[in-house]
Structure formats: structure tokens, C-alpha cells
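Read-outs throughout are calculated quantities, based only on the coordinates presented, and are distinct from any laboratory measurement. Not measured: the values here are computed from a predicted model. For neighbour counting, all protein chains shown are included, and Cβ atoms are generated from backbone atoms with ideal geometry for every residue, glycine included.
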Amino acid sequence: MADVEFKIVEHLFSLQSSGTFRKELNRVSWNKRDPVYDFRGWNEDHTKMTKGITLTMDEFEEFIAKIKEEF
């Protein structure tokens, strides 16, 4: 399996930590592609991560609109 290259371009926020991984919303460039919105757990020095979700700008805007409708 090939290594995955990533760069956290912008940290938006973190949720309270419970355990080794802290859930964060970041804008991340994966394998030198354009940054996407990324929500997942990260360890303190960002060397390990959990499974997460990534959303394009359009998907993120739709997601936020749906959250606002619901709540």
C-alpha cells in the first residue's frame, strides 16, 4: 500500500478530547490535491489519524445548510 501524503492547510476547530485522538475539522490537502474539508481524529502531533470524512467546498456548504435546517 502506498504512503498517503497530507498537509493540514488550515485548522478550523477541535472538539474536546477523550483519549488519544482529538476530533478536528481541518482543511487538508491529500496527495498534493486541492484542500478539502476533513473531519477525523488526530493524535497530538498529527502523525496518526482515525478514519474520517472529507467534503469538497460544495459538499461542505450543503452539509452546513442541512444541519441548519435540522437544528
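Might you let me know whether region 59-70 holds any residue that is surrounded by 11 or more Cβ atoms within 10 Å (Cβ to Cβ) and either touching a residue at least 40 places away in the same chain (Cβ under 8 Å) or part of a loop (DSSP other than H, G, I, E, B) (or both)? Among the residues of region 59-70, not one is surrounded by 11 or more Cβ atoms within 10 Å (Cβ to Cβ) and either touching a residue at least 40 places away in the same chain (Cβ under 8 Å) or part of a loop (DSSP other than H, G, I, E, B) (or both), which makes the answer no. The set of residues in region 13-32 being surrounded by 11 or more Cβ atoms within 10 Å (Cβ to Cβ) and either closer than 15 Å to residue 43 by Cβ or touching a residue at least 24 places away in the same chain (Cβ under 8 Å) (or both) consists of 14, 15, 17, 20, 21, 22, 23, 24, 26, 28, 30. Scanning region 18-64 for residues that are of a type in the set (A, V, I, L, M) and touching a strand residue (DSSP E or B) at 6+ places or on another chain (Cβ under 9 Å) gives 25, 28, 36, 49, 53, 55, 57.
Among the residues of this structure, residue 30 does not count as one that is closer than 16 Å to residue 6 by Cβ and in contact with an Asp or Glu (Cβ under 6 Å, 6 or more places away or on another chain). Among the residues making up region 1-27, those that are out of contact with any Pro (no Cβ under 6 Å at 6 or more places or on another chain) and of a type in the set (A, V, I, L, M, F, W, C) are 1, 2, 4, 6, 8, 12, 13, 15, 21, 25.
When region 33-56 is filtered for residues that are closer than 14 Å to residue 7 by Cα, among the acidic types (Asp, Glu) and not in a strand (DSSP E or B), the ones remaining, listed by number, are 34, 45.
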